[in-house]
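Only one structure is covered here, and it is reproduced in the block below.
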Amino acid sequence: MKKLINAPDKVVDEALAGMAAAHPDLIRIESPNIVVRKDAPRKGKVGIISGGGSGHEPMHGGFVGLGMLDAAAPGAVFTSPVPDQMLAATKAVNGGAGVLHIVKNYTGDVMNFDLASELAQGEGIEVASVVIADDVAVKDSLYTAGRRGVGGTVLAEKIVGGAAEGGADLATAKALVEKVQDNVRSMGMALTSCTVPAAGKPTFEIADDEMEIGIGIHGEPGRQRMKLASADEITEMLATPILDDGPFSKGDSVLVFVNGMGGTPLIELYVVFNKLAAILKDRGMTIGRSLVGNYITSLEMAGCSITLLKLDDELTRHWDAPVRTAALRWGI
Amino acid sequence: MPITVDQLARFVELFAERLAAEKENLTRLDSAIGDADHGINMDRGFQAVLGKLPEISSDSAGGLFKGVGMTLVSTVGGASGPLYGTFFLRAGGALGDTTDVTAEQLAAALRAGLEGVIQRGKAELDDKTMVDALSPAVDAFDRSLDGSLPNALAAAASAAAAGRDRVTPLVARKGRASYLGERSAGHQDPGATSTTIMIEALRDALQPGA
């Protein structure tokens, strides 16, 4: 293992301390390991929180700030946080208008958020939850854990954050995240594995001429191991299932999000975007908004994911609303 | 002869020791079909339990198990934290203020723990989860209660191991392994493996003279 760390069991704590030192104008770190917007709680504003394992930076801590999240609960690397963290985050951001939990659909995340929600409601805080499940690589079925929450989470957090900043109430905020969930689809691929610091070796072995299609964001293997293909072919392999599964049709305006998994340079993400733009043009769709970069990562994994969100005026307006966080900033 | 609270504390210690010893093996199993953290998380949780054992040690069996459960929920995260935490919380609830636990009371506690795990994780038999080891173990323990406690515990441990191995060829339908679809078949389930370690620790800690 070759990593820029001091000790595997100190990575999360030291990174959070580093974030607090780097962005004191945006956030503060509170016990037990939560990232809280500096001026939280804001009276009368719906609190928006999310959480999940560490190793996906900048998600979620990098999205805490004006116009996005009010708090984030980071767990150990690739491990959902504990209910104590979500409970503390919920209390820290409760301005009297209720708190929305944005939960990625993983067995552990859902269970730990459920526990936290029960505890917070027991303390008299109104809590609503939405589970994001946008990964078309996973077969959706009543008999499985269901689709994973991946890139759509970033878009949902930005959009609902913009709405909450503008005064949306809890029911409206929840409905907005559900609207994003209904209109967003994602799929990812990996060129390499990644190494969880505490494990010390790569999660899976993969040859130089192979790739994994349909990966999640935890270094888990995907649905299929294949021989490495060109960027154009890979973009087709990701875009086609998304477009076939989602509510996309000719004439639609879409938000196009090409995300790096952590170890792929931007230049390659733009190669992917180039092909994706051609595919969308062929299908008669327009690129309403775009986001390109490393926003929901899997440590140092090389690879990318594609997320498409069908836009309307409401979603576009909240996407464009001012945001000021460590990782996303515009309009302000 | 009833089971003492000290013996149950010894079970918790023994489970913690074996999780520490099996940490890498559990993580290796989880790398194949999950996200490579099961051994790390279970060990972190049970090291926290060991650290708190003087604090959570209680005069009652229920108090001890509830303390273990709360510690796991607060330290493990992932799916294992809520699931093992719920197992101990529910088992502790069933044991209540008892100080000398009968075999029947232990059976009821294990059954309550199993039901809690099923409720929390919504897993069924053959989903390829810890339930596939825990459920047959609890059934076997119930069936063997007529005989001696050591025999019933031995039957439970054998049933757990058999359940763990029985689902290896299956396709996982719950947890992260379910994302692999057919590719999960043929891999031993990490959760069923740690549950088997737990039942074996219970068997060994409650042996006469252990």
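The values are calculated or read from the model by the stated rules, or taken from the named source; none is laboratory data. Given the structure is predicted, the values throughout are model-derived calculations rather than measurements. Positions of Cβ are generated from backbone atoms using ideal geometry, with glycine treated the same way; all protein chains shown enter the neighbour counts. Just so you know, the surface numbers come from the protein's heavy atoms only, side chains and all, with ligands and any DNA or RNA stripped out. Shrake-Rupley method; radii C 1.70, N 1.55, O 1.52, S 1.80 Å.
Things to note:
- Positive-end ranking of A:I49, A:M68, A:N112 along the dipole of chain A, with charges on Cβ about the Cα centre, is headed by A:M68.
- For the range A:26-94 versus the range B:178-210, the spacing of their alpha-carbon centroids is 34 Å.
- Basic side chains Lys and Arg get +1 at the Cβ, acidic Asp and Glu get -1 at the Cβ, and with that the dipole of the protein assembly as shown about its Cα centre reaches some 920 debye.
- Diagonalising the gyration tensor over the Cα atoms of the range A:98-199 and scaling each eigenvalue by 5 before taking the square root yields semi-axes of 26, 18, 14 Å, largest first.
- In units of the rule-of-thumb radius 2.2 N^0.38 Å, the range B:78-178 shows an alpha carbon radius of gyration of 1.10.
- The phi-based Karplus calculation (6.51 cos²θ - 1.76 cosθ + 1.60; θ = phi - 60°) puts the 3J(HN,Hα) values of the range B:171-186 at 8, 5, 10, 9, x, 5, 4, 5, 5, 7, x, 4, 5, 7, 5, x Hz, whole numbers, x for Gly and Pro.
- Look at the alpha carbon pairs under 8 Å that are at least 6 residues apart: their mean separation over the length of the range B:3-205 gives a relative contact order of 22 percent.
- Both the radius of gyration and Dmax for the range A:178-243 are 13.7, 40 Å, in that order, over alpha-carbon atoms.
- Fraction of C-alpha pairs exceeding 25 angstrom in the range A:119-275: 41 percent, rounded to a whole number.
- Its Cα gyration tensor gives the range B:3-205 an equivalent ellipsoid, and the semi-axes of that ellipsoid, as √(5λ) in whole Å with the largest first, are 26, 19, 14.
- The range A:203-332 - Rg over Rh from alpha carbon coordinates, Kirkwood radius: 0.98
- Equivalent ellipsoid of the range B:20-125: semi-axes from √(5λ) of the C-alpha gyration tensor, largest first, are 25, 17, 11 Å.
- Net charge, B:E17 excluded, C-beta distance under 13 Å - Lys, Arg +1, Asp, Glu -1: -2
- Rg/Rh (Cα only; Kirkwood hydrodynamic radius) as it applies to the protein assembly as shown: 0.99
- Sequence-separation-based contact order of chain A, relative, with Cα cut under 8 Å and 6+ spacing, percent: 18
- Using alpha carbons only, the radius of gyration of the range A:48-121 set against its Kirkwood radius gives Rg/Rh = 0.94.
- Whole-number D in µm²/s for the range A:39-82 (Stokes-Einstein; Kirkwood sum over Cα pairs; 10 °C, 1.306 mPa s): 148
- Computed packing ranks the peptides A:148-157, B:161-170 as A:148-157, B:161-170, most packed first, by mean other Cβ atoms within 10 Å.
- Lys/Arg +1, Asp/Glu -1 at C-beta; chain A dipole; positive extreme among A:A89, A:I102, A:A20: A:A20
- Rounded to the nearest 20, the size of the Cβ-charge dipole of the range B:1-124 about its Cα centre is 240 debye, with Lys and Arg at +1 and Asp and Glu at -1.
- Accessible surface calculations at 1.4 Å, restricted to protein heavy atoms, place chain A at 37 Å² per residue.
- Using just its DSSP H runs of length 4 or more, each adding -39500 (n - 2.57), the protein assembly as shown gives a mean residue ellipticity at 222 nm of -15500 deg cm²/dmol after division by all residues.
- For the pair A and B, the buried accessible area comes to roughly 2500 Å² in total, with a 1.4 Å probe and the value rounded to the nearest 100.
- Charge dipole (Cα centre; +1 on Lys/Arg Cβ, -1 on Asp/Glu Cβ; no other charges) of the range A:184-312 amounts to roughly 380 debye.
- Dipole of the protein assembly as shown, positive direction: furthest Cα of B:M70, B:G147, A:Y270, with charges on the beta-carbon: A:Y270
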